[in-house]
1. May I ask you to derive the FRET efficiency for residue 72 and residue 107 from their Cβ-Cβ distance with R0 = 30 Å, giving the value to the nearest 0.05?
2. Across region 26-37, in residue order, what do the Karplus-derived ³J(HN,Hα) couplings come to in whole Hz, using 6.51 cos²θ - 1.76 cosθ + 1.60 with θ = phi - 60° and x for Gly and Pro?
3. With the cut-off at 1.5 for a/c, could you classify region 1-107 from its C-alpha gyration tensor as rounded, prolate or oblate?
4. Would you calculate a helix-derived [θ] at 222 nm for the chain, using -39,500 (n - 2.57) for each DSSP H run of n ≥ 4 and dividing by the full residue count, to the nearest 500?
5. First compute the accessible area of region 5-85 with a 1.4 Å probe, then give the percent of it belonging to carbon and sulfur atoms.
6. Kindly state, to the nearest 0.05, the FRET efficiency for residue 95 paired with residue 11, given R0 = 22 Å and r defined as their beta-carbon distance.
7. How many nm separate the modelled label positions at residue 47 and residue 59, each set 7 Å beyond the Cα in the direction of the Cβ?
8. Running a GNM on the chain with Cα contacts under 10 Å, which residue among 47, 87, 109 ends up with the highest mean-square fluctuation?
Amino acid sequence: MAASIHVSKVRSLYKRILVLHRFLPLDLRALGDQYVKDEFRRHKGASSEEARSFMTEWEQYKDTLQTQVLESAGERLSSMKFGANLSDVSLKDFQEEQIGQLYELMLESTKPNRQFDIQEDGK
């Protein structure tokens, strides 16, 4: 019973994040969607302690993104700012692999010619 509740919570969080990504610029949406799908897939077999930490971090991400989307309602997509700075304390808790992933995401999301250069219809 507890396992099915956990699965339901994971699916709900996953779907909510993908819905919030619809408010991102198209290239960031593609990048974010792929990252979320990979991370959720990668953590399917996580221990209960890892799963708790994973869910907490993704809930915080969802809450931050949801707040930013609501605050930016009515603004032009190109002028909207998304994301949050990480404190040195937070970074110290990351594993080396996570730091590498974070660095790659930062590079991809800030470069002028992003890998996910997707054009909206009609533009």
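The values are calculated or read from the model by the stated rules, or taken from the named source; none is laboratory data. Note that the structure is a prediction, hence the values are computed from the model and not measured. Note: ideal-geometry Cβ built from the backbone for every residue, glycine included; neighbour counts use all protein chains shown. We work out accessible area using only protein heavy atoms, side chains counted, and drop any ligands, DNA or RNA first. Shrake-Rupley method; radii C 1.70, N 1.55, O 1.52, S 1.80 Å.
1. Calculated value: 0.80.
2. Listing the rounded values in order: 3, 5, 6, 4, 4, 5, x, 4, 5, 5, 4, 4 Hz.
3. Taking the square roots of the gyration eigenvalues as a ≥ b ≥ c, region 1-107 is oblate.
4. On the way: 5 runs with 81 residues, N = 123.
My calculation for the chain gives -22000 deg cm²/dmol from helical runs alone.
5. On the way: 2720 of 5490 Å².
C and S atoms contribute 49 percent here.
6. Values: r = 26 Å, r/R0 = 1.17.
That gives a FRET efficiency of 0.30.
7. Once both label points are built, they end up 2.1 nm from each other.
8. 87
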